[in-house]
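The values are calculated or read from the model by the stated rules, or taken from the named source; none is laboratory data. Treat the numbers as computed from the prediction; the structure is a model and nothing was measured. Reconstructed Cβ throughout: ideal geometry from the backbone, glycine too, with neighbour counts over all protein chains shown. The area values use the complete protein model at the heavy-atom level, side chains included, leaving out ligands, DNA and RNA. Shrake-Rupley method; radii C 1.70, N 1.55, O 1.52, S 1.80 Å.
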Amino acid sequence: MNFKKTLIMSTLFAGLLLLLAGCGKQATSNGTKQTLNLSATAPLSTIDISKSTGFGQTGNVFESFYRLGKNGTTTAGLAKSGSVSKDGKTWTFKIRKAYWSNGDRITAQDFVYSWRRTINPKTKSPYSYLFSGIKNADAIIAGKKSANQIGISAPNKETVVIKLDKAISYFKVLMAYPLFGPQNQKVVEQYGSKYGTRSQYMVYSGPFTIKAWNGTGNNWKFVKNTHYWDKKVVKLHQINYTVVENPTTGHELYQQNKLDMTPLSNQQVKNYQGTKEFKSYPYSYISYLAYNFKDKDADKNKALNNRYIRLAMSLAINRQVLTKKVLGDGSYIPTGFVASGLAKDPTTGQDFSKEQAVKNTVTYNEKLAKEYWKKGLAETGLKNLKLTLLSSNDDSSSSVVSQYLQSQYTKVLKGLTITVRSVPSNNALQSAQDGDFDLYLSGWGGDFNDPITFLQIPLTGTSYNYGGYSNAKYDALIKKAQNEDANDTKKRWNDLVQAAKIYNSDQGVTPIYQQVTSYLQKSDVKGIIHNTAGTQWNYKYTYIK
């Protein structure tokens with residue numbers, strides 16, 4: 001598979017995470033209010049699953065073969081059963097008796113139509129790369145085959161058969177992503193260019209439908225889908241969303257009982273940590289420092305391609321101070337490039353993040369950092385080094401991290417001067433794509449619960465490998481995991497661990513912190529399911545006690 005379209009700072013993730021809360025006006029027969037009032041950091045950008053860049057919120061209105069349950073496990077969705085062939089290349093799903101929000105029956109053909117629409121290059125789906133590995137997908141994306149040749153078919157109304165080019169060990173959890181859900185061809189054609197531009201120009205397959213969304217507004221709501229196949233377990237009647245741009249306003253609304261959950265600023269975290277309404281929700285997002293291995297400046301190119309210099313720059317970062325004092329939001333210290341809480345060893349149950357760890361790579365060691373720095377300068381023949389750090393100015397965290405790195409490097413690594421180039425995120429991303437940077441404060445978050453969602457990025461020549469990192473041994477291990485060992489769970493896992501160790505030992509990028517967002521949450525809000533990757537928020541079982 002390929003990679004996520006654009007994730008360059010935690011502010012982008014905040015828009016996807018969408019916050020929670022509860023309080024309301026509609027009551028059940030026992031008098032309990034079952035309306036949540038939620039805040040979002042930005043308006044909904046689209047409700048067309050073919051064109052969406054994330055389903056943090058809309059995973060509650062669209063459903064695929066499965067849903068994500070607790071701890072990233074797959075739970076029942078539109079498929080009542082699913083089976084895979086011995087070679088792992090053919091999946092067969094039986095679709096349950098389910099209906100669209102307009103009353104139409106959901107059929108196997110709706111999945112076929114949806115996949116063909118999404119992968120068609122004319123649709124310009126930002127997530128079409130996630131179809132890679134499905135028969136003919138890569139050729140279709142490249143414009144070499146018709147979208148109708150994607151490896152999905154519907155032998156009858158209740159059966160979907162999917163053919164893969166190779167076994168994909170995480171395919172089941174991938175099928176919980178709404179991107180792979182059905183679309184109603186009749187409705188798409190009925191609305192034409194209006195499809196998905198307003199909430200009324202859409203039909204829904206999940207627990208809720210969207211109302212009062214006009215494509216740009218700061219208010220919308222989810223309403224319980226009365227046609228949903230499992231509606232009996234859905235207790236909420238309504239979820240109201242309002243865009244709240246900063247934690248101060250959110251806190252005020254929370255205190256006024258207009259929100260039951262609100263994200264906290266760094267200072268607010270310090271004030272509320274330890275109280276009963278304080279909640280922390282980690283996300284599989286790693287902020288990291290990318291190096292330009294193809295820097296056009298000869299001296300910078302020599303320096304950034306020197307492993308000792310990269311190790312020195314990693315060991316000079318006091319991540320304890322950065323996460324606890326500078327950020328102060330509960331963010332984690334990473335062990336390597338792959339986030340913690342994403343995936344566990346199928347044999348031992350140990351978190352991948354522990355198995356990937358390499359000694360003296362991301363720990364703070366000022367003495368060793370200085371030693372490596374001197375070695376690196378000696379090997380490159382340089383006496384000093386001036387580098388520009390490219391970062392986004394769209395959120396406060398990138399600004400404070402950039403300033404911290406600039407100060408820390410000046411203090412610890414003699415002869416290193418950092419100039420910060422802070423620009424809007426879109427501009428920063430474009431510069432990174434163009435290779436116009438020395439250092440780039442970037443980040444990546446998991447699309448699904450498997451290490452490969454991170455480990456595909458450093459492969460030679462991939463579009464999201466902005467720094468141009470290349471390691472033949474790394475490439476060979478990932479290729480082995482994705483091909484000959486793809487259907488052997490233990491061997492594949494070991495391939496990925498060894499690849500991660502190579503990347504971490506190389507410091508192909510330098511991990512800085514793993515994002516955690518802290519909130520105040522009313523104690524009567526129950527049953528929220530949060531996941532670190534994919535569809536982060538699941539309100540199907542949420543209720544007000």
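Details
- Under the Karplus curve 6.51 cos²θ - 1.76 cosθ + 1.60, θ = phi - 60°, whole-Hz ³J(HN,Hα) for segment 282-288, x wherever Gly or Pro sits: x, 10, 7, 10, 10, 7, 8
- Pair ASN483, GLN403: separation of 7 Å Cα→Cβ label points (nm): 5.0
- The chain: angle of helix 472-482 to the longest principal axis, Cα-based, in degrees nearest 10: 20
- Label separation (GLU366 vs ASP104): 6.6 nm, computed from points 7 Å beyond Cα along the C-beta direction.
- Of SER505, SER463, the order by accessible heavy-atom surface (1.4 Å probe, DNA, RNA and ligands excluded), from most exposed downward, is SER463, SER505.
- Three semi-axes of the equivalent ellipsoid, segment 232-340, Cα gyration tensor, whole Å, largest first: 40, 17, 14
- The Rg/Rh ratio for segment 467-511 is 1.02, where Rg is the radius of gyration of the alpha carbons and Rh is the Kirkwood radius.
- Surface accessible to a 1.4 Å probe, VAL187 within the full protein complex, Å²: 0
- Gain on full stretching of the segment that runs from ASN427 to SER463 - 0.36 nm per residue minus C-alpha separation: 11.3 nm
- Nearest 10 degrees, 0 to 90: helix 366-380 Cα axis against the chain principal axis: 70
- Rolling a 1.4 angstrom probe over the protein heavy atoms with all chains in place gives the chain an accessible area of 40 Å² per residue.
- Between LYS163 and ALA357, the simple spin-label model (points 7 angstrom out along Cα→Cβ) gives 4.6 nm.
- Beta bridges by DSSP in the chain, antiparallel share as percent, to the nearest 5: 75
- Using a Förster distance of 60 Å, the FRET efficiency for ARG307-GLN185 (Cβ separation, nearest 0.05): 0.65
- Listed pairs LYS80/LYS540; LYS172/LYS211; LYS157/LYS479 exceeding 27 Å between Cα atoms: LYS172/LYS211; LYS157/LYS479
- DSSP-defined antiparallel bridges as percent of all bridges, segment 324-424, nearest 5: 10
- Within the accessible area of segment 356-499, the carbon and sulfur atoms contribute 47%, probe 1.4 Å, all protein chains present.
- Reachable aspartates and glutamates from LYS386, criterion Cα separation under 16 angstrom, eight or more residues apart if same chain: ASP295, ASP297, ASP299, ASP436, ASP438
- Share of carbon and sulfur in the accessible area of segment 185-278 stands at 45%, probe radius 1.4 Å.
- Value at 222 nm in deg cm²/dmol, rounded to 500, when DSSP H runs of n ≥ 4 in the chain each add -39,500 (n - 2.57): -7500 deg cm²/dmol
- Segment 398-507, relative contact order [Cα under 8 Å, separation at least 6], %: 16
- For ARG105, the accessible area of its heavy atoms, probed at 1.4 Å with every protein chain present, is near 90 square angstrom.
- Added length on full extension, which subtracts the Cα-Cα distance from 0.36 nm per residue, LYS124 to GLN350: 77.5 nm
- Aspartates and glutamates whose Cα lies under 18 Å from that of LYS235, excluding same-chain neighbours fewer than 8 positions away: GLU63, ASP260, ASP524
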